[in-house]
Amino acid sequence: MFTSVEDVSARLAETGYLASPAVATTVFLADRLGKPLLVEGPAGVGKTELAKAVAEVAGARLVRLQCYEGVDESRALYEWNHAKQLLRISAGREQSWDETRTDIFGEEFLLTRPLLTAIRGDDPKVLLIDETDKADVEIEGLLLEVLGDFQVTVPELGTITATRRPFVVLTSNATRELSEALRRRCLFLHIGFPEEELERRILRLKVPGLDEALAASVVRVVGALRAMDLRKVPSVAETIDWARTLLALGAGTLGEGVVRDTLGVLLKHQEDVLKAAAKLDLDAV
């Protein structure tokens, strides 16, 4: 999909995703080597958006598996359309069981889920396995088969092998440790909070009309909050939301009143709001 690291940066920027050199380099290598990309980092720093941006620049279909506790093979891989199978059995009462069984375990009755969907067909796809750390450990065994050989075994149909491999992005907030076997199959990328200059560029891109001086003040205040011992420090998503809030309020500068009244946009716990209100020194930032 990409010819160079610079090509990655330029084309992602066209979609509104400003990639750091480390991000652009790792995306280029994942594409060139044909390996899945495991992206870790705090919530709201752009892990999921990276997969969406890659799909957009590649003209690829985005196939997303949203992980959660209890997600199983039938939700991730495939299941059979049991209602349709029962109707077929009822309609073919005069057939032998062998004839009926051959019918009801055909393609017509197969419901493909994200993992199987991603490896079937010749069209370009980006497979996003989002919040992998929220899935049970058992699901990783399924991922190992799919990501190792890009094939899936359906007992009734045989082994289905990808004719065109998807670009794979796994995201994790590191709420639990992923297995070493899964990590070995992937290139690793950690996306943390961006440096000030990059975050200012992101704000100017995502919040048109924001004054450059106000954007710089927003980034400095958010940086000061991130340095505090808070339950949930503000991420890039909250920075963008706060900038949009200030623009909507018509705030040209960051005074104590407007900062105090809008801290709830940046912080999500009352104890964090109280701590920030007490410790934040606007004169120092």
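Remarks
- Modelled this way, with points 7 Å down the Cα-to-C-beta line, the labels at Asn173 and Ala83 are 3.3 nm from one another.
- Only protein heavy atoms count here; under a 1.4 Å probe, Val236 has an accessible surface of about 10 Å².
- Estimated Rh, segment 132-179: Kirkwood, alpha-carbon pairs, angstrom: 12.3 Å
- Candidate residues Ile89, Ile240: accessible-area rank, largest first, probe 1.4 Å: Ile89, Ile240
- Remark on segment 125-209: Rg and Dmax equal 17.5, 58 Å (Cα only).
- Kirkwood hydrodynamic radius over Cα pairs of segment 197-239, then Stokes diffusion coefficient at 4 °C and 1.567 mPa s, in µm²/s: 121 µm²/s
- Eigenvalues of the alpha-carbon gyration tensor of segment 1-73, scaled by 5 and square-rooted, set the equivalent ellipsoid semi-axes at 22, 14, 12 angstrom, largest first.
- Long-range HN-HN contacts of Leu170 with modeled amide H, under 5 Å: Leu37, Leu38, Val39, Ile129
- Over 26 Å (Cα to Cα) - which of Lys47/Lys279; Lys134/Lys268; Lys84/Lys125; Lys35/Lys134 fall in this group: Lys47/Lys279; Lys84/Lys125
- Qualifying GluC sites (Glu not before Pro) in segment 141-237, DSSP loop, other Cβ atoms within 10 Å at most 10: Glu177
- Taking one quarter of the surface of the C-alpha convex hull of segment 196-279 gives a mean projected area of 4.8 nm².
- Accessible surface ranking that places the most exposed of Phe28, Phe150 first, with a 1.4 angstrom probe: Phe28, Phe150
- Across the chain, the volume of the C-alpha convex hull divided among the residues equals 162 Å³ per residue.
- Residues whose amide H lies under 5 Å from that of Asp136, counting only those 5 or more places away or on a different chain, are Gly70, Val71; hydrogens are built 1.01 Å from N in the peptide plane.
- Computed from label points 7 Å out along Cα-Cβ, the spacing between Arg226 and Leu157 is 4.5 nm.
- Helical runs (DSSP H, four residues minimum) scored at -39500 (n - 2.57) apiece and divided by the length of the chain put the mean residue ellipticity at 222 nm at -14500 deg cm²/dmol.
- Packing, as the average of other Cβ atoms within 10 Å across residues, places the peptides 49-59, 6-16 in the order 49-59, 6-16, highest first.
The values are calculated or read from the model by the stated rules, or taken from the named source; none is laboratory data. Source: prediction; values computed, not measured. When we count neighbours, we look across all protein chains shown, and the Cβ atoms used for this are built from the backbone with ideal geometry, even at glycine. Please note that ligands, DNA and RNA were not included when accessible areas were found on the heavy atoms of the full protein model with its side chains. Shrake-Rupley method; radii C 1.70, N 1.55, O 1.52, S 1.80 Å.
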